[in-house]
Each structure stands twice: as structure tokens, then as C-alpha cells.
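Down below is the structure, laid out as C-alpha cells.
Since every read-out is calculated from the coordinates, none of them should be taken as a lab result. Nothing here was measured: the structure is a model prediction, and the numbers come from that model. Note that we place each Cβ from the backbone using ideal geometry, even for glycine, and neighbour counts take in every protein chain shown.
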Amino acid sequence: MIEIISTKDGSHTLRNSELNETYHSIHGAVQESLHVFIKNGFDFFQETFPKQLSILEIGFGTGLNAWLTATRAIGLPVQIQYTTLESFPLEETIWSKLNYAANEQGIELFTKLHQAGWSKSVSVTPEFTLFKIHNTLQQVSLHPSAFDLVYFDAFAPEKQPEMWALPVLEKVISSMKPGAILVTYCAKGQLKRDLKSLGLTVEALPGPPGKREMIRAKKYP
């Protein structure tokens, strides 16, 4: 069962009662996504944006990360190719009630992201093209050296350990270009060791409210 709850910054998240897990931090859903994926991920490229920026998201969830990225990109001189995986897409009866957007323009953009078809490229804004994949990370095929930036936003390792297994991480890293980065809210020691063993340089950065650390990892040639 999925239920909408409010987090400490006033923004919604979802609680999955089967996993007894929330989709975002209860200390602030929007705060967490902005800190981990936008500030320490997307904004990391601000000074050296390539003409095209390829992003892989694991997984789409409420659409918050995609919406924040598309919103931040408006007016920037970059074309974003945003690929996102989701095994269990939300029903409109749920996503349409989420309170992330504060105005009509934001609501329209959020709606476009959710209504975009699966397995096809959809131009959402002049800067942002979305490709949604309805599949698991374990089953999907990822092109090698395809992505500049990875948002690794799976459920926590103690809830979905299979998403953080070494072969799965290796698959994701193989899909990253040389110089690409991966960001995630998780900062467990085992994850740091696994990423290092796969050739990434790992930074432990200050985490969002309620978390001491997060991880940013870079792939070198």
C-alpha cells in the first residue's frame, strides 16, 4: 500500500507499507532531492556544461528528481537527455496529489513528466528530453559509456539489498562515461568500498537534513 505523507519541509513523500519505507527523507523530501541530486549532482556541471548532458536516474518514483532537474535547466544552454527507470509506476490518483509544484507552470511540467509515454523519447521542455523505462535495473540493458551523471535513488540497502549488489553497481558504472559522476543519498561503508573497488573516486559530502553524509563518486578514464 502507498500513502502520501508530509515531511518536515512541508513537501510530500510516499510511504510504502510493504517495505515500511518512505520514498524520501522524512526530514524534507524536496530539501533532500535538491541537496543530493541537484546541488551535488546537476549543479556540479554548471561551469562546464557539455552541449548535451545525459542523465540516468534509478528510479523515477514520484518524479521529484526529474521535475527539479527539468525546472533547474530552464533557460540553460544545454540539452538534457534524461533516462529514468521505474519498476512500479504510480497511479495518477497518487502522483496528481503531490504538492511539489507551487504554480500552474510547475504543475504543468510535473504532469508532463508523469504522462509521458514509456520507452520513447519525449520532449518535455526545449532543454529536457525524457525517456522512461518500465523495467528493473537488473533486467534492463544499458549502453556502455552513455551517461554523464547518475542519480542513484533506489530504496535503502536494508530494504532492497539487491539494488546495491556489486554486479548491479558494476552495470551502472559501465554505463557511465569517463569523467561521469554518480550521486546518492546513501553513505554506507560497504557502498563506498564497492564503488572504490569498481574504479571510482569516492567523496563523502555533508548530507541533507537528517543525514550526516552522502556520496559523490567520479569515474576516471
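In the structure shown, the pairs K188/K211; K120/K177; K132/K188; K159/K219 are assessed against 19 Å; a Cα-Cα span above that value is assigned to K120/K177; K132/K188; K159/K219.
If R0 is taken as 41 Å, the Cβ-Cβ distance between E21 and K51 corresponds to a FRET efficiency of 0.60. Based on alpha carbons, the Rg and Dmax found for region 77-122 are 12.1, 35 Å. If a/c stays under 1.5 just call it rounded; otherwise compare a/b with b/c (prolate if a/b is bigger, oblate if not). Do that for the chain, with a ≥ b ≥ c from the square roots of the Cα gyration tensor eigenvalues. Since a/c stays below 1.5, the shape of the chain is classed as rounded. Expressed as a whole percent, the proportion of Cα-Cα pairs in region 46-132 lying more than 20 Å apart is 30%. Between M214 and L205, G207, the built amide H atoms are under 5 Å apart, and every one of these is 5 or more places off in sequence or on another chain. Annotation: amide H of Q79 within the under-5 Å range of Q52, L53, sequence separation 5 or more or interchain, hydrogens built in the peptide plane. Report relative contact order for the chain in percent, whole number only (criteria: Cα-Cα under 8 Å, sequence separation at least 6). Reported as a whole number, the value is 19 percent. In the distance distribution for region 16-82, Cα-Cα pairs more than 21 Å apart total 28 percent.
About its Cα centre, region 28-219 has a charge dipole of approximately 500 debye under the convention of +1 per Lys or Arg Cβ and -1 per Asp or Glu Cβ, with nothing else charged. Taken as Cα centroids, region 90-135 and region 178-205 sit 29 Å apart, rounded to the nearest whole angstrom.
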